[in-house]
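S.K.: This is the structure I have questions about; it appears just below.
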Amino acid sequence: MGLFPRDRNLSRSIDRVELWVRGSDFQKPAEEVQIRLDAFLKLRLPWRSRTSVQLLIDEGFVLVAPAAPGLEPSSEEPKVERRAARNLRHGARVVVMIPPELRLPEVMADPGTLAILYEDQDTLAVDKPAGQVVHPSGKSLTGTLIQDVHARYAGESELPVPIRLCHRIDKETSGIVLFAKGARAHRQIRKQFERHTIEKEYLALVHGAPAADEGSIDLPLGPSHGSQVRLKIAVQAGGWESRTDWRVLERRAAFALLACTPRTGRQHQIRVHLAAIGHAIVGDKLYGDDEQLFLKSTRSELDAHDLAALQLPRQALHNHRMAWIAPSGGGRREVRSPLPAELREFLERAGG
């Protein structure tokens, strides 16, 4: 997420972040507040490492205006401060200049790119296509789903209410992504995720057809220590408790379409669990037969032979159904997204 403040409009580029030292943030009287500059920045920018905060200070990207006499809010112009140990008092103003390489480019509003499945005063459900990143990160700084959402609702000013992501799905996974309108709605939806009361059902097109019509995979998951891919997950004894229920919807000679319900919310859970029982998701570059396909894809080096081996250019996983309790009352909400055309066409080509 970089330096960007929470709830800012990610469809607009900014070159600075302004922060104030306030006693209320520390649950102390104003006169008792005293904190080092580096500690303050680490506290207010928790997604930045201590090393990266120090680098911003060292390279002159941090400016400070001290508190006015009587601990009144500063009215001075901030000046570059390269002392990490500089003490800040209540009323001080800190400005972080965002280096050009960390700024998000401007994103032009394109409301037509959003497929809105459901919307009310609290929530927004969008149908994400495969291949789109949910949130800016790494090399994917433009064309993300949250930027499309912000561009759609921002107009000429900042968002009327902060629109926050409630969860994420992988770049190559398609289907429902849920957003909350405002902090209160976001808190209530997040609590439902944490308590596993949000209903989720994914459609997965897998290699092979399970012998049974339904089943449950109860295998603990943890980091894959033997992989070249840092984010890869594997079945690990003593790992995080993880459970996925599945049932067969359609069978083909060499494939099956499954409905999968994750009872826990681990990273890559459905993909790892299905691969573990011998039914990897079609097109899954990371959990299929060869993770080198994933590494090659990150370098845009997949050739025709690789794509033929994958059989689909994307992983065949789709967030098909979600249900939740409306934050403002009014009971249960349910949204469905149909199986994408390319996955349906693959099934039809696969025959009986």
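The values are calculated or read from the model by the stated rules, or taken from the named source; none is laboratory data. All values reported here derive from a predicted model rather than from experimental measurement. Please note: Cβ atoms are built from the backbone with ideal geometry, for glycine as well, and neighbour counts cover all protein chains shown.
S.K.: Could you please find all residues in the range 307-324 being surrounded by fewer than 16 Cβ atoms within 10 Å (Cβ to Cβ), farther than 21 Å from ASP127 by Cβ and out of contact with any Pro (no Cβ under 8 Å at 6 or more places or on another chain)? Walk me through it before giving the result.
M.R.: First pass over the range 307-324, keeping only residues surrounded by fewer than 16 Cβ atoms within 10 Å (Cβ to Cβ): 307-309, 313, 323.
From what is left, the residues that are farther than 21 Å from ASP127 by Cβ are 307-309.
Listed by number, the residues that qualify are ALA308, ALA309.
S.K.: Is it the case, given these coordinates, that PRO340 is modelled with pLDDT under 95 and assigned by TED's automatic domain parsing to the domain that holds ALA209? Break it down into steps so the answer makes sense when it comes.
M.R.: On the way: modelled with pLDDT under 95: no; assigned by TED's automatic domain parsing to the domain that holds ALA209: yes.
Here the answer is no, as PRO340 does not meet what is asked.
S.K.: Further question on the same structure: Restricting to the range 283-308, and then to whatever is in contact with a helix residue (DSSP H, G or I) (Cβ under 7 Å, 6 or more places away or on another chain) and either aliphatic (A, V, I, L, M) or outside the structural domain of VAL229 (by TED's automatic domain parsing) (or both), can you tell me which residue is farthest from HIS207 (Cα to Cα)?
M.R.: Taking the candidates together, the pick is LEU302.
Matching residues to (1) assigned by TED's automatic domain parsing to the domain that holds PHE26; (2) farther than 16 Å from PHE26 by Cβ; (3) at pLDDT 85 or above; (4) surrounded by fewer than 18 Cβ atoms within 10 Å (Cβ to Cβ):
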| position | (1), (2), (3), (4) |
| --- | --- |
| TRP47 | yes, yes, no, yes |
| GLN54 | yes, yes, yes, yes |
| ILE57 | yes, yes, yes, no |
| ARG82 | yes, yes, yes, yes |
| LEU88 | yes, no, yes, no |
| GLY91 | yes, no, yes, no |
| ILE98 | yes, yes, no, no |
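S.K.: Criterion first (within 23 Å of the chain's Cα centre (by Cα) and in the same structural domain as TYR202 (by TED's automatic domain parsing)) does VAL235 satisfy it?
M.R.: It is true that VAL235 is within 23 Å of the chain's Cα centre (by Cα) and in the same structural domain as TYR202 (by TED's automatic domain parsing).
S.K.: What residue, of LEU219, LEU205, LEU178, is touching a residue at least 60 places away in the same chain (Cβ under 8 Å) and touching a His at 6+ places or on another chain (Cβ under 7 Å)?
M.R.: On the way: LEU219 fails: touching a residue at least 60 places away in the same chain (Cβ under 8 Å); LEU205 fails: touching a His at 6+ places or on another chain (Cβ under 7 Å).
Exactly one residue qualifies, and that residue is LEU178.
S.K.: Please specify each residue of the range 281-298 satisfying the condition of being hydrophobic (A, V, I, L, M, F, W, C), under 14 Å from ARG314 (Cβ atoms) and in contact (Cβ under 8 Å) with a residue 60 or more places away in the chain. So that I can check it myself, show each step before the final result.
M.R.: Step one: list which residues in the range 281-298 are hydrophobic (A, V, I, L, M, F, W, C), which gives 281-282, 286, 293-295.
Those still in the list that are under 14 Å from ARG314 (Cβ atoms) too: 281-282, 286, 293-294.
Selection gives ILE281, VAL282, PHE294.
S.K.: If you don't mind, there's one more thing I want to ask. Scanning the range 228-246 for residues that are surrounded by 15 or more Cβ atoms within 10 Å (Cβ to Cβ) and not hydrophobic (A, V, I, L, M, F, W, C), which turns out nearest to GLY351 (Cα to Cα)?
M.R.: The residue in question is ASP245.
S.K.: Here is a follow-up. How many of the residues making up the range 248-302 are at positive phi, surrounded by fewer than 17 Cβ atoms within 10 Å (Cβ to Cβ) and not small (Gly, Ala, Ser)?
M.R.: Counting residues in the range 248-302 that are at positive phi, surrounded by fewer than 17 Cβ atoms within 10 Å (Cβ to Cβ) and not small (Gly, Ala, Ser) gives 0.
S.K.: May I ask you to verify whether ARG36 is among the basic types (Lys, Arg) and either exposed (fewer than 12 other Cβ atoms within 10 Å of the Cβ) or at pLDDT below 90 (or both)?
M.R.: For ARG36, the condition - among the basic types (Lys, Arg) and either exposed (fewer than 12 other Cβ atoms within 10 Å of the Cβ) or at pLDDT below 90 (or both) - is not met.
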